[in-house]
Structures are given as structure tokens and as C-alpha cells.
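Report on the following structure.
No lab work stands behind these numbers, since they all come straight from the coordinates. All figures in this text were calculated on a predicted structure; none of them were measured in a lab. When we count neighbours, we look across all protein chains shown, and the Cβ atoms used for this are built from the backbone with ideal geometry, even at glycine.
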Amino acid sequence: MRYTTSILAACASLAIAGTAQATTITNGDLSMGLFDNGGLGSGGVGFRLAGAGDTGGDAIYRGCLCEGWGAAANGDGNHYVYGGSSTGFTSAAMSDVTASSAKSTVVTSNGLTIVHNYSAVDGGTLFKIDVVITNTGAAAATDVRYARTLDWDVAPGYFGSNYTSIYVPGVAPEGNILHTSSNPFDVPNPMVTRSQEANTNISDSIGDKGSYFIFGFGDLEVGESAEFTTYIGAAFSVRTLLAAFGDVDVEAYSYTTASDRQTVYGYGFAGLGLPPIDEVPEPAALALFGLGVLGLGAARRRRKA
């Protein structure tokens, strides 16, 4: 989704990137440590599920902090956050902080302003992140992209015996999704793709893996914005997490389970021009479900023609 907006005067008051603040938000069951640039992992908190075992059930902080997001425009993808560091961010600040919500605003050197607005979703399984990318530069921004990478390390079995799934209706590229991969181990430069299990739906793929998504929003005129929503969550069963995704009209997602299948962590996306999931498939049925949605999408397009 995109819209036109005026450039907010507040953008001029942002703190310079590199002065990352440690802000932890929680809904009681889930906790996230947020850097001022919107990445996870500040204050020694990645993403935690209460009652999920060692380290407070933190599913990010056991290995490398291979987590972050990036934005690109005009072929320039050197704007990213990865483990709390960033390149090409001219300012970053956290505001509107409460116990369960916060807003990160980042300005990049190529004229984009990216807002991540974190808030808790009723039910305790998910956090919602409304993402708005605005061209606040002096000229049109071409080929605007956003990337998200996340390495889950879920105990027990982290590093070698986690099970990862990725689902996009019809597989990428589809809608605003340009690329997917199960390789989370690099900076999220939206101009760079990854070859591991690229652009394919996977179900319970074992190993030390995660997820990488690249979204494309075309060109943005000065003052024009693109927006979508990310949901990040955790539960004690895949069915519970996918049901929560279904309740908020998630269109694509990835999740990882522990080796004992007792905990699951994942993230999903909405507002990307794809059909929302309308049922809760079991992991083994994801591939067939993807084919079914692809056929449904084709049927819908034929009916509209």
C-alpha cells in the first residue's frame, strides 16, 4: 500500500545513528529488546517467550545476532541494521515508548525515512510492526526495496536441529515479495539475493537456518510512501502461531521450531498484495497448500478478467 504524505517536521529532530538506546517492550508473554534503529537485540534481549526454557526462552541471542532490516532506493542498498550496527543511516531515534509499544524512525542517506511502529496484538501471541517507507528526499526514488533477515536459534536444538518453514502463496516473486531464502547470515542489503533454498516454499527444513525476505515497492515520488505490516510472534505449537497469523490476515510467513517441537517462533507479513491465509495448514501440508492457493489466485484473476 502507498500513500502521499507531507514531510513531518519531527524528522529534523532525530538523534544521530550510532547512539542506540536499549528499550525493551513486552506484552507479558513476549519480550523484545529494540535498538533505536528498529532492530532487535538491545539490552541483551532478542525475542523471548516466557516459560520457554533457558535464557528466558530467547530465540535470537544464543548465536550471532544475525537479525535486521534494510532499505534501498536508486540501486543503492547500503542502508541496513544488523546486530545493532548500521550503514547509510543519517539519523535514528526511538519515541512514543510505553511498556508494550515503541516507534523507531530512521532517515537514510538516499532520502528515505523508515518508521517501525511496534505494538502488542490482543491475545498475547504476536507483536505488530507497522512499517512506513517515505521518500523525504529532493527527487523521485526508484526501485524502492525493503529487506528483513532473521536467524532463529530456538532451544533445544538451536544451530543444527531447528526446523524452518517459509511460505509465500505461489512462491516468490509474488505480489510485493521479490525474493526469499532460508539463509539469514549476511547483512540485509535489499539489492543482494541469497541462493540457499531461494524463492521456494520449505517445510520443516532442518539445520541452522532462518529467513530472508526482500520486498519491492517500485518508484516513490517526493512525499509518497509505501507501507506494510510485519507480525512477530511465538507460541507453544505451530497451529497456535499460524492461527494467530490467520486472525490478522497474514499473507506470507516463516517460522522455526525447536527440535522437540515444543516452541515455535516466527514472523509474517500483510499488505503485500497477496491473498491472506484462510486456513491453518499442518507443516507437512504447506507445499500442497501453496499449490492450492496458487490455483485459487489464478482462478480469481480469470474471474476478474
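For the peptides 87-98, 64-75, what is the packing order when you average, over each peptide's residues, the other Cβ atoms within 10 Å and list the highest mean first?
Listed from highest to lowest mean packing, they are 64-75, 87-98.
With contacts defined as alpha carbon pairs under 8 Å and 6 or more residues apart, what's the relative contact order of the range 79-172 in percent?
15
What is the distance, in nm, between label points placed 7 Å from the Cα along the Cα-to-Cβ direction at Glu221 and at Ala243?
Simple spin-label model gives 4.7 nm for this pair.
Using 11 Å as the cut-off for backbone N distance, which residues of the range 49-90 belong to the label zone defined by a point 7 Å from the Cα of Thr26 along Cα→Cβ?
49-51, 56
When the chain is fully extended, how far beyond the present Cα-Cα distance does Asp204 get from Cys64, taking 0.36 nm per residue of separation?
Result: 48.2 nm gained on full extension.
Which log10 I(q)/I(0) values, to two decimals, does the range 99-246 give at q = 0.15 Å⁻¹ under the Debye formula with one point per Cα?
-0.89
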